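Structure first, commentary second.
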Amino acid sequence: MMTTPSVGPVGDEPEGEMMGSEAEANRREAIAGFHCDVDAAISVIGGKWKLHIVWLLLERTCRFKVLRREMPNISQKILTQSLCEL
């Protein structure tokens with residue numbers, strides 16, 4: 001028989017609560033200028049190469065070199081930067 005660990009009441013750990021509320025505040029601030037969450041997502045995916053990268057990664061999991069082969073016109077720097085931003 002498996003037992004689950006007991007969890008104290010919310011607010012027992014002020015550090016975790018603070019981090020959660022801080023993360024939520026950062027998320028709200030980041031999307032404040034957008035009409036909805038979809039607008040925010042489109043702004044992140046926007047760019048010359050990001051949509052192509054997402055499309056390739058939706059088909060299958062790829063290593064960096066495979067992505068470079070699939071996209072010969074993109075520089076290594078831009079591919080790295082785009083992946084980090086995604």
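Is it true that some residue in region 41-60 is aliphatic (A, V, I, L, M), surrounded by fewer than 12 Cβ atoms within 10 Å (Cβ to Cβ) and farther than 14 Å from Leu86 by Cα? Checking region 41-60: not a single residue is aliphatic (A, V, I, L, M), surrounded by fewer than 12 Cβ atoms within 10 Å (Cβ to Cβ) and farther than 14 Å from Leu86 by Cα.
Residue pairs whose Cβ atoms lie under 7 Å apart, sitting 6 or more positions apart in sequence or on different chains, and linking a residue in region 43-59 that is within 12 Å of Met71 (Cβ to Cβ) and part of a helix (DSSP H, G or I) to a partner that is of a type outside the set (Asp, Glu) and modelled with pLDDT of 85 or more, are Lys50/Ser82; His52/Met71; Ile53/Leu67; Ile53/Ser82; Ile53/Leu83; Leu56/Cys62; Leu56/Leu67. Could you go through region 73-84 and let me know if any residue there is small (Gly, Ala, Ser) and modelled with pLDDT under 80. No, region 73-84 has no match at all. Of all residues being of a type in the set (A, V, I, L, M, F, W, C) and free of Cβ contacts under 8 Å to residues at least 12 places away in the same chain in region 61-78, which is surrounded by the most Cβ atoms within 10 Å (Cβ to Cβ)? Just the residue, please. Per the stated criteria, the residue is Cys62. Does region 24-40 hold any residues that are surrounded by 10 or more Cβ atoms within 10 Å (Cβ to Cβ) and either modelled with pLDDT of 90 or more or among the small types (Gly, Ala, Ser) (or both), and which are they? Matches in region 24-40: Ala25, Ala30, Ala40.
Considering Ser21, Ser6, the condition of being assigned to a helix (DSSP H, G or I) and either modelled with pLDDT of 75 or more or over 17 Å from the mean Cα position of the chain (by Cα) (or both) is satisfied by Ser21 alone. Among residues of region 24-40 being among the hydrophobic types (A, V, I, L, M, F, W, C) and assigned to a helix (DSSP H, G or I), the one that is farthest from Leu83 (Cα to Cα) is Ala25.
The values are calculated or read from the model by the stated rules, or taken from the named source; none is laboratory data. Keep in mind the model is a prediction, meaning the values are calculated, not measured. A quick note on method: Cβ atoms are made from the backbone with ideal geometry, for glycine too, and the neighbour counts reach across all protein chains shown.
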